Amino acid sequence: GYLTVNIEPLPPVVAGDAVTLKCNFKTDGRMREIVWYRVTDGGTIKQKIFTFDAMFSTNYSHMENYRKREDLVYQSTVRLPEVRISDNGPYECHVGIYDRATREKVVLASGNIFLNVMAPPTSIEVVAADMPAPFSRYQAQNFTLVCIVSGGKPAPVVYFKRDGEPIDTVPLSEPLEASSGPFQDSRPFRSLLHRDLDDTKMQRSLSLLDTENRGGRPYTERPARGLTPDPGILLQPTTENIPETVVSREFPRWVHSAEPIYFLRHSHSPGSDGTVEVRALLTWTLNPQMDNDALFSCEVKHPALSMPMQAEVTLVAPKGPKIMMTPSRARVGDTVRILVHGFQNEVFPEPMFTWTRVGSRLLDGSTEFDGKELVLERVPAELNGSMYRCTAQNPLGSTDTHTRLIVFENPNIPRGTEDSNGTCS
């Protein structure tokens, strides 16, 4: 007798679909059994998923000459009603027939197929790398958007658009050095930084930055941070005195870049279930004038998707912080909390917050405090009327908001008996 077996090929299938595996075999012998196996662990384990045991003869003619050969075609099917990613892998169909010469002997043959199960990505998000980060009018900054796409199999194709138009990117295989400044260390990047460089502006900007550094951290809304600079510095010919009315929308000319160069890097992290997490990193030298209010979208193409997946963010500087103080009527000895609980606009990326006390130090003696909430423990009476400034900033810009603390007398604490920390002596 003879026996040929083959499984009909299948294109890649999508997780969740119903799939039918078809095993066709042709023989002139009497069928003994059909067994389907799922092969796992690189072929070392075969899991039996279907068995048909034919102990009786079927589909034979009733001709007297029993030995006459007659081809018989069979098909065995296995239906997987809802395919999962874990169903991905090889399958085998084994068929056995009785040998026509000796009925005790069984002839075996098999066919195999690899079931390729695809899965569309389950999530997509766009975040800003290295956030929160300060804003600077005086130094060009690298900025990176990260698009994270999870749950896809195979790995999806990820790309960026700006204001609905595809971005022409330069592919990178290695991450950019964050500490090297805006692409200074590689020749192709130098033209980006020095394209519109004005030496006079640069000197003035650097001298202002030095003035800031004498008074604390180089934040930008008001370069002098309310401190009086050294008179010697102000007399230098390259120094420019910026009044308190300057807003963060004024930038040195050298920041301008009409055509930014975008660099794109991909990383892939395989998951235990066969899916891949893809991270696409888009890096360029930020221009706060041009990039504020720019809409960036990350799009994903995948064979299991009928249309691209998308996530988008709009780069926006913080504007109009809303400050809440509790309790609203503070008394001597109370713990006062001053919190930023929103803005006039949606802000992206995440801003950083810096608190200072105008004209003096904070209650704990520090010059400033970083965080969304400033806590003043057991306020003393001498803090009455003190002004607090909150600087909110992200790489697109910065803004200041002031609030005044009014401290009322506490009838439970006789006047003159509390120390400088507001505790009774």
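The values are calculated or read from the model by the stated rules, or taken from the named source; none is laboratory data. Just so it is clear, the model here is predicted, and its values are computed rather than measured. Because the Cβ atoms are built from the backbone with ideal geometry, glycine has one as well, and the counts that use them run over all protein chains shown. With ligands, DNA and RNA removed, areas are computed over all heavy atoms of the protein, side chains included. Shrake-Rupley method; radii C 1.70, N 1.55, O 1.52, S 1.80 Å.
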**Complete:** If we ask which residues in segment 322-354 are open to solvent by less than 80 Å² (accessible area, probe 1.4 Å), on the phi < 0 side of the Ramachandran plot and over 32 Å from the mean Cα position of the chain (by Cα), their number turns out to be 8
**Asked** For segment 1-14, how many residues are more than 14 Å from residue 111 (Cα to Cα) and open to solvent by 40 Å² or more (accessible area, probe 1.4 Å)?
**Response** 4
**Message:** Considering only segment 355-371, I want to know if a residue exists there that is under 36 Å from the mean Cα position of the chain (by Cα) and free of Cβ contacts under 8 Å to residues at least 12 places away in the same chain.
**Reply:** yes
**Asked** Quick one: would you say residue 158 is in contact with a strand residue (DSSP E or B) (Cβ under 6 Å, 6 or more places away or on another chain) and surrounded by 21 or more Cβ atoms within 10 Å (Cβ to Cβ)?
**Response** yes
**Asked** Do we find a residue being within 41 Å of the chain's Cα centre (by Cα), modelled with pLDDT of 95 or more and part of a loop (DSSP other than H, G, I, E, B) anywhere in segment 106-118?
**Response** yes
**Message:** So the check is Cβ under 7 Å with 6+ separation or different chains; which pairs have a first residue in segment 313-342 that's within 15 Å of residue 388 (Cβ to Cβ) and a second one that's hydroxyl-bearing (Ser, Thr, Tyr) and open to solvent by 50 Å² or more (accessible area, probe 1.4 Å)?
**Reply:** 337/326
**Request:** State all residues of segment 268-319 that are open to solvent by 40 Å² or more (accessible area, probe 1.4 Å), over 11 Å from residue 121 (Cβ atoms) and aliphatic (A, V, I, L, M); if no residue qualifies, say none.
**Result:** 290, 295, 307
